[in-house]
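Here is the structure we will look at.
The values are calculated or read from the model by the stated rules, or taken from the named source; none is laboratory data. Since we're looking at a predicted model, the values are computed, not measured. Using ideal geometry, Cβ is built from the backbone for each residue, glycine included, and neighbour counts are taken over all protein chains shown. Heavy atoms of the whole protein, side chains included, go into the accessibility calculation; ligands, DNA and RNA do not. Shrake-Rupley method; radii C 1.70, N 1.55, O 1.52, S 1.80 Å.
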Amino acid sequence: MPNTSAPTSSASPAAPAFPQPSSASGHAEGVSNEEFRAAMSRLASGVVLVTAREPSLDPDDPGAPPGEDVGMTATAFMSVSLDPPLVLVSLREGSRMDDLLDEQPLWAVSVLSESQRHIAGRFAMKGRVSDRLLFADLPCARGGASGAPLVGGALATLECRTEQRVRAGDHTLVIGRVLTASLPSADGGPLTYFRGRYRQLG
């Protein structure tokens, strides 16, 4: 419990009684997982597909199996800086994308349109099939700077190089410098995520 008693002398003012984290769960007193999720679900966010190219296990061997494309749906994505151009994506610690971007620094982001809800759902599935099958019928172009897939018809695409990785609780915040930015499609509105569902504006 925080100490909220009055100071014993005028030279030692009492510290503000801010909520202190619980040593058991990491949550401040009075904040449960369910309450935190419910509160944050009221924050509408855009939906993007983060992609990267997994390198070959043996790049010096032309007969070795090629690397595989990897993708994941993300809603925790934001602009950080204009000069230099930086963006941030939050990845679950230990996820395949987190592990891959810890090994190599190049990745890409496709900002999904309202007509691409099926893509968001496909790459957000738990216990999903291999990434190779997920990309099989998806119209993509190969990014020239990152080598990662860029989704056709996306509202915008960005290619990035990791500048910084920050551990934050059970996630990793990956800050990337934007290497290229393009607007493949001007049609339609953005795909958004609000109260646990994909939605569209209007």
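At least 2 residues being of a type in the set (Val, Ile, Thr) is the threshold, and among the strands (runs of 3 or more DSSP E) wholly inside the stretch 110-202 those reaching it are 156-168, 171-182.
Can you pull out every residue in the stretch 164-187 that is loosely packed, with under 14 Cβ neighbours inside 10 Å and in contact (Cβ under 8 Å) with a residue 40 or more places away in the chain? Please lay out each step first, then the result.
Narrowing the stretch 164-187 to residues loosely packed, with under 14 Cβ neighbours inside 10 Å: 164, 166-170, 181-183, 186-187.
Residues satisfying the conditions are Arg167, Ala168, Gly169, Asp170, Ala181, Asp187.
A single entry from Ala156, Ala145 fulfils the requirement of being touching a residue at least 24 places away in the same chain (Cβ under 8 Å), open to solvent by 30 Å² or more (accessible area, probe 1.4 Å) and either over 16 Å from Leu49 (Cα atoms) or not charged (D, E, K, R) (or both): Ala145. The residues of the stretch 129-139 that are closer than 18 Å to Glu54 by Cα and open to solvent by 60 Å² or more (accessible area, probe 1.4 Å), listed by number, are Val129, Arg132, Leu133, Ala136.
Taking residues in the stretch 32-51 that are closer than 20 Å to Leu173 by Cβ and at pLDDT 85 or above, and partners anywhere that are open to solvent by 70 Å² or more (accessible area, probe 1.4 Å) and not β-branched (Val, Ile, Thr), the pairs with Cβ atoms closer than 6 Å and at least 6 places apart or on different chains are Ser45/Tyr193; Val47/Tyr193. The single condition from (1) part of a strand (DSSP E or B); (2) exposed (fewer than 15 other Cβ atoms within 10 Å of the Cβ); (3) of a type outside the set (Val, Ile, Thr) that Trp107 fails is (2). Assess whether Ser79 counts as being modelled with pLDDT of 70 or more and open to solvent by 50 Å² or more (accessible area, probe 1.4 Å). It is true that Ser79 is modelled with pLDDT of 70 or more and open to solvent by 50 Å² or more (accessible area, probe 1.4 Å).
The set of residues from the stretch 37-55 being open to solvent by 60 Å² or more (accessible area, probe 1.4 Å), not in a loop (DSSP other than H, G, I, E, B) and not aliphatic (A, V, I, L, M) comprises Arg37, Arg53.
Select from the stretch 125-159 the residues that are basic (Lys, Arg) and touching a Pro at 6+ places or on another chain (Cβ under 9 Å) and list them in ascending order. Reasoning before the result, please.
First pass over the stretch 125-159, keeping only residues basic (Lys, Arg): 126, 128, 132, 142.
Across the stretch 125-159, the qualifying residue is only Arg142.
Among the candidates Met125, Met97, single out the residue that is open to solvent by 80 Å² or more (accessible area, probe 1.4 Å) and within 21 Å of Ser45 (Cα to Cα). Spell out how you get there, then give the answer.
On the way: Met97 fails: open to solvent by 80 Å² or more (accessible area, probe 1.4 Å).
Answer to the selection: Met125.
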